[in-house]
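Peer 1: Here you go, one structure.
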Ligand SMILES: Nc1ncnc2c1ncn2[C@@H]1O[C@H](COP(=O)(O)OP(=O)(O)OP(=O)(O)O)[C@@H](O)[C@H]1O
Ligand SMILES: Nc1ncnc2c1ncn2[C@@H]1O[C@H](COP(=O)(O)OP(=O)(O)O)[C@@H](O)[C@H]1O
Ligand SMILES: [Mg+2]
Ligand SMILES: [Mg+2]
């Protein structure tokens, strides 16, 4: 059995006692070295899940366990050392007056020594394409540049778990692909687990598994292919599927055989090639 | 209102080690009533450009005109308040736009500030909530206790409440769920047509630019790289790729089909389901004769 990395056990949560339940009896497990995407309509509880994992919030009912440790007031510092998180709005997490200081901050907190620190800052800023901005002030960067720096800060500390909460929403599509590629590479090299919260349908295809949230509940947990087969139902809960998946479903409707739900252009072209050669 | 940029420069932190030329010699015109998309990789100057449209930034060189208002270096704009009433801007980060205690006060702030009376504001709010798909029960909540997507909707509602004649949208659908993205864009488009607005949309979605805009301006390193109709620009794959941009996905896919199967299948505005039928017809087996 693979080691459990993040586990939600019947977690319910609300922001105030009179308020509505924002998470309702949520349970899921994320094994180490798996990449999981969480999708769901606005307000479905995704960011709340992220905040429960690194102890910014605590469950009202049930339990959140991170790498074997239940997340409580007593354990948050231990947990946060292992979890690197990038928030939806990076402005909320800049602390340094320069990009370099900002990346250094997390490393200092973890007691990394100076020479290692310099290498880590260098490598992570290079990985996200922001090495030229080392001495710039973070709040003066463009939206997408801020997001790159926030991701560099997390990569630098090599956490065991990385959580990206819509961390690439302000990047151009190419930049988004590159950054996700970089993050996935680091994930594979270091065997860490990656939790991405996203509205970008193409980003989901890179995940091993997808958790679909709706109205505070886990609506579905499945592979990307399985998720994309449920176009109608997803649309009913405010979501959608990528272009390729849609086109495959349309082809299916007019009796062009599709042997498996394609995840990218190449897979769909292969299906069409088979159709083209067989008749 | 017609908008024009004449050889506009904008430099952040001039005469410091961080001096940064964010706009260089930028010229274009946008005629009243058009729907213009501005695209370009991150850092290319899009947000800097649009902050000139309501006088938040003033050019450090050249001249910007928005209808009767002129922005020039070293000269205060006279009726900046009137300009801001006419030009509604939805900024890239909605959180920056929110500040009041409740969602309702936040939405009402703009029109109140411009002297719209209480009853009129009360009348404007319900249809706007409906347009941005915000449930009424959020009205009394603090805007800071909302999810990211809900904040974005409040920020958009606040701008719509001012009833502007120029609508400037900086990546307005980032953070919205897929249905929200589509509904919001359809809503802007419908408003654009119904009210004869001039709409300026900054977007990373080539699909949205193709679907909604009648004119596209491509930015690169603070300069105008290309401009034209989406139909003309979005076939120039190599030129777009040189500045980090992709073709809209449907056009990319059609190109790949044409290459792989040696057929001709141009983009002519077909929907995905129409494309499915086309593919079935075009690729059906190697039937050599009829
Ligand atoms: N600080 C808060 N106080 C009270 N309610 C909150 C707070 N933060 C979030 N909520 C509410 O909890 C629900 C879930 O919010 P959450 O931020 O987890 O959603 P989300 O799935 O991340 O949405 P989005 O896609 O818009 O980012 C929403 O209804 C939201 O209004
Ligand atoms: N307040 C600021 N001070 C200094 N430089 C800035 C500021 N805002 C943006 N910049 C720089 O100007 C360039 C253009 O930024 P911006 O207009 O935000 O780009 P875009 O919106 O196209 O992503 C970027 O290189 C960015 O780092
Ligand atoms: Mg969120
Ligand atoms: Mg911008």
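Bear in mind these aren't lab numbers, they're just calculated from the coordinates by the rules spelled out. Predicted, not measured: the structure shown is a model, and the values here were computed from it. Please note: Cβ atoms are built from the backbone with ideal geometry, for glycine as well, and neighbour counts cover all protein chains shown.
Peer 1: Stick to the Cα atoms of region B:248-290, pair each with every other, and give me the Kirkwood hydrodynamic radius in Å at one decimal.
Peer 2: That comes to 11.1 Å for region B:248-290.
Peer 1: On to the next question. Could you tell me what a quarter of the Cα convex hull surface of region B:39-110 works out to, in nm² with one decimal place?
Peer 2: Working: hull surface 24.2 nm².
About 6.1 nm², averaged over all directions.
Peer 1: What share of the DSSP beta bridges in region A:4-239 is antiparallel, in percent to the nearest 5? Could you put the intermediate results ahead of the total?
Peer 2: Values: 18 of 36 bridges.
Around 50 percent antiparallel, to the nearest 5.
Peer 1: Using the Kirkwood radius built from alpha carbon pairs, what does the Stokes-Einstein equation give as D for region B:71-185 at 25 °C and 0.890 mPa s, in µm² per second?
Peer 2: This corresponds to a translational diffusion coefficient of 168 µm²/s.
Peer 1: Which percentage, to the nearest 5, of the DSSP beta bridges contained in region B:3-247 is antiparallel?
Peer 2: 55
Peer 1: Tell me, what is the percent relative contact order of chain A, built from C-alpha pairs under 8 Å that lie six or more residues apart?
Peer 2: Once divided by the residue count of chain A, the mean separation gives 22 percent.
Peer 1: I'd like to know how region A:1-90 sits against the 2.2 N^0.38 Å rule of thumb: what's its Cα Rg over that expected value?
Peer 2: Dividing the Cα radius of gyration by 2.2 N^0.38 Å gives 1.06.
Peer 1: Could you identify which residue out of A:82, A:232, A:24 has the top mean-square fluctuation in a GNM of chain A using Cα springs shorter than 10 Å?
Peer 2: A:232
Peer 1: Expressed as a whole number of Å, what is the distance separating the alpha-carbon centroids of region A:35-57 and region A:204-241?
Peer 2: Their Cα centres are 15 Å away from one another.
Peer 1: Quick check: the angle from helix A:265-278's long axis to the longest principal axis of chain A, C-alpha only, nearest 10 degrees?
Peer 2: Roughly 20 degrees, rounded to the nearest 10.
Peer 1: Could you give the distance between the Cα centres of region A:122-163 and region B:72-93, to the whole Å?
Peer 2: 33
Peer 1: Based solely on C-alpha atoms, express the radius of gyration and the Dmax of region A:168-232 in angstrom.
Peer 2: 12.9, 38
Peer 1: Can you pull a Stokes-Einstein diffusion coefficient for chain B at 25 °C (0.890 mPa s), Rh from Kirkwood over Cα pairs, as a whole number of µm²/s?
Peer 2: Here the translational diffusion coefficient equals 118 µm²/s.
Peer 1: Counting pairs of Cα atoms in the protein assembly as shown, how many percent are more than 41 Å apart?
Peer 2: The share of Cα pairs beyond 41 Å in the protein assembly as shown comes to 26 percent.
Peer 1: Further question on the same structure: I need the per residue convex hull volume for region B:144-290, using only the alpha carbons, in cubic angstrom as a whole number. Present the calculation step by step, with values, prior to reporting the outcome.
Peer 2: On the way: hull volume 22.8 nm³, N = 147.
Considering the Cα atoms of region B:144-290, their hull volume per residue is 155 Å³.
Peer 1: Helix B:118-132 versus the longest principal axis of chain B: what is the Cα-based angle in degrees, 0 to 90, to the nearest 10?
Peer 2: Between the helix axis and the principal axis of chain B, the angle is about 20 degrees.
Peer 1: Can you tell me the Rg and Dmax of region A:4-239, counting just the alpha carbons, in angstroms?
Peer 2: 17.5, 54
Peer 1: Using only the C-alpha atoms of region A:71-139, find the volume of their convex hull and express it per residue in Å³. Before the final figure, lay out the partial values.
Peer 2: On the way: hull volume 7.4 nm³, N = 69.
Hull volume over Cα atoms, normalised by residue count, gives 107 Å³.
Peer 1: Please give the peptides A:49-61, B:253-265 ranked by average Cβ packing (other Cβ atoms within 10 Å per residue), highest first, as a rough proxy for protection.
Peer 2: Top of the packing list down: A:49-61, B:253-265.
Peer 1: Then there is this: What angle do you read, to the nearest 10 degrees and between 0 and 90, between the alpha-carbon axis of helix A:243-253 and the longest principal axis of chain A?
Peer 2: 20
Peer 1: Something else: If you take the Cα atoms of region B:185-241, find Rg, then find the Kirkwood Rh from the mean of 1/r over all pairs, what is Rg/Rh?
Peer 2: 1.00
Peer 1: Let me ask something additional. GNM on chain A, C-alpha springs below 10 Å: top fluctuator among A:107, A:247, A:164?
Peer 2: It is A:247.
Peer 1: Next question, about the same structure. Hey, could you grab the Kirkwood Rh for region B:1-126? Inverse mean 1/r over distinct alpha carbon pairs, Å, one decimal.
Peer 2: Details: mean 1/r = 0.0609 Å⁻¹.
Mean inverse Cα-Cα distance, inverted, gives 16.4 Å.
Peer 1: Which number do you get for Rg(Cα) / (2.2 N^0.38 Å) in region A:181-279?
Peer 2: Ratio of Rg to 2.2 N^0.38 Å for region A:181-279: 1.21.
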